[in-house]
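Data first, discussion second: the structure below is written as structure tokens.
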Amino acid sequence: MSEKKVLIVGGTGYLGQHLLQGFTEVLHSLPYSLSLAFTYHTNPPSKPLLDGIPQALPFHVDLRTGHGFDAISKNLGQPDVVINCAALSIPRACEADPEAALAINVPYALVRWLSSFDENKTFLIHLSTDQVYEGTKSFYKEEDETIPVNAYGKSKVVAEQLILTNCPNFAILRSSIIFGPQTISPVPKSLPIQWIDSVLAKGEKMDFFHDEFRCPVYVRDLVTIIQTLTNGWISESKPMQLLVNVGGPDRVSRVQMAEAVAEIRGYNASINPVSSSSVDRGVKSPADISMDITKLIQTLGVSPTGFKEGVKLTLEAEDASKRQ
């Protein structure tokens, strides 16, 4: 089998770094030769990241203009798999600048670049969000109508429609909150479990929403899901157009998330349940966007980690990194 090429768009972000690490760890056990590359824009790859993934080629790309894709064509060639996890993913930032949200979250330049190749041999794995759903019921299914309530969700719906219309082979992953250990090169945004741990450790009374529900997904499960899709495409190359919910098996509120951290840590924490309507966050947030993940389990044969177990693994990894 000829050398295969995987490009991670947004490789210096949280999921991007975990994907680079995950693919690097399995490079020598794959039944094919793999060239790994990634793009970056705002955050150039740090020395620790480059040292941790020495085989991966970095490329500077502006997703708004497409500047930088030509260099990938010249130095890497047409990828077999492209994983797009670049996004403006903070809802408040999207609400403040909806034009930027559309420009970054809708991959016009990426899709245009992929369509420039003569062969339709590239499989696009695109990260979407549970925030495409309205949030008025529990356990949304993929066929439920998308009625986003904020600019972030709206930009992601437009992105899905672009891919559905223009890409011959794709997997759109509607991901919930992604949680897990910190990355090789720490990302600037706060991570959910680490943030909860830091505030509860202070022993002060802290407010958490009791009426917003998600199905958080453990980051290493998401990496496994993407690797499974990648390996399936490379080994079989069967036409695929997949849209699937990606979450953990547990529907939890912010209060329940905090309680899980407190229980594992043994904190005598004062968790104060409040309604999400009591806080003005500058953006409307859907109340219940928990998802049915039956299709994910049946299609890919994966069994996502339970929330409490994922929290335990996350905190163990954080403790281990502090001891190093």
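When the residues Lys202, Lys308, Lys74 are ordered by accessible surface, computed with a 1.4 Å probe over the protein chains alone, the sequence from largest down reads Lys74, Lys202, Lys308. Given the stretch 84-129, what whole percent of its Cα pairs are spread farther than 14 Å? More than 14 Å apart: 55 percent of the Cα pairs in the stretch 84-129. Among the GluC sites (Glu not before Pro) in the stretch 1-101, those located in a DSSP loop and surrounded by at most 12 other Cβ atoms within 10 Å of their own Cβ are Glu3.
Fully extending the segment from Gln241 to Ala103, taken as 0.36 nm per residue of separation minus the present Cα-Cα distance, adds 47.3 nm.
Considering only DSSP states other than H, G, I, E and B, which chymotrypsin sites (Phe, Trp or Tyr not before Pro) in the stretch 54-127 qualify as loop sites with at most 16 other Cβ atoms within 10 Å? Passing sites in the stretch 54-127 are Phe117.
When the Cα positions of Asn268, Ser33, Leu173 are compared along the charge dipole of the chain, Ser33 comes out farthest toward the positive end, with charges on each C-beta of Lys, Arg, Asp and Glu. Within the stretch 128-225, the GluC sites (Glu not before Pro) that combine a DSSP coil assignment with at most 13 other C-beta atoms in a 10 angstrom radius are Glu143, Glu145, Glu204. Most mobile of Val246, Val199, Val219 per a Gaussian network model of the chain (Cα springs, under 10 Å)? Maximum among the listed residues: Val199.
Heavy-atom accessible area, probed at 1.4 angstrom with all protein chains present, ranks Thr65, Thr228 as Thr65, Thr228, highest first. How tilted is helix 14-26 with respect to the longest principal axis of the chain? Cα atoms for both, answer in degrees (0 to 90, nearest 10). Approximately 60 degrees, to the nearest 10. Note on Lys202: lysines with a C-alpha under 20 Å away, same-chain residues under 8 apart excluded, are Lys312, Lys322.
Under the convention that each Lys and Arg Cβ holds +1 and each Asp and Glu Cβ holds -1, the size of the dipole of the chain around its Cα centre is about 400 debye. Rg and Dmax of the stretch 242-313, based on Cα coordinates, read 15.3, 45 Å. Per-residue Karplus couplings for the stretch 78-90, computed as 6.51 cos²θ - 1.76 cosθ + 1.60 with θ equal to phi - 60°, are listed in order as 6, x, 7, 9, 10, 10, 9, 10, 7, 6, 8, 10, 8 Hz, Gly and Pro entered as x.
Largest accessible area first, the listed residues Lys189, Lys295 line up as Lys189, Lys295 when surface is computed with a 1.4 Å probe on the assembled protein chains.
With the convex hull drawn over the C-alpha atoms of the stretch 222-274, the volume per residue is 96 Å³.
Ligands, DNA and RNA are left out, and with a 1.4 angstrom probe the accessible area of the chain is 45 Å² per residue.
Residue-wise HN-Hα couplings along the stretch 102-110, as the Karplus relation 6.51 cos²θ - 1.76 cosθ + 1.60 with θ = phi - 60° gives them from phi, are 5, 5, 8, 7, 9, x, 4, 5, 5 Hz; Gly and Pro carry x. Relative to the longest principal axis of the chain, what angle (0 to 90°, nearest 10) does the C-alpha long axis of helix 307-323 take? Tilt relative to the chain: about 80 degrees. Taking the DSSP beta bridges with both ends in the chain, the antiparallel portion is around 5 percent.
Taken over the stretch 1-43, the ratio of Cα radius of gyration to 2.2 N^0.38 Å equals 1.21. Based on the reciprocal of the average 1/r between different C-alpha atoms, the Kirkwood radius for the stretch 105-144 equals 13.0 Å.
Here the sum of -39500 (n - 2.57) over DSSP H runs of 4 or more residues, divided by the residues of the chain, equals -11500 deg cm²/dmol at 222 nm, to the nearest 500.
Does anyone have the angle between helix 219-236 and the longest principal axis of the chain? Alpha-carbon axes, 0 to 90°, nearest 10? In the chain, helix 219-236 runs at an angle near 20 degrees to the longest axis.
The values are calculated or read from the model by the stated rules, or taken from the named source; none is laboratory data. Every value quoted in this text rests on a predicted model; they were computed, and no experiment measured them. As a convention, Cβ positions derive from the backbone with ideal geometry for all residues, glycine included, and neighbour counts pool all protein chains shown. Accessible surface is based on the protein model in full, side chains and every heavy atom, while ligands, DNA and RNA are left aside. Shrake-Rupley method; radii C 1.70, N 1.55, O 1.52, S 1.80 Å.
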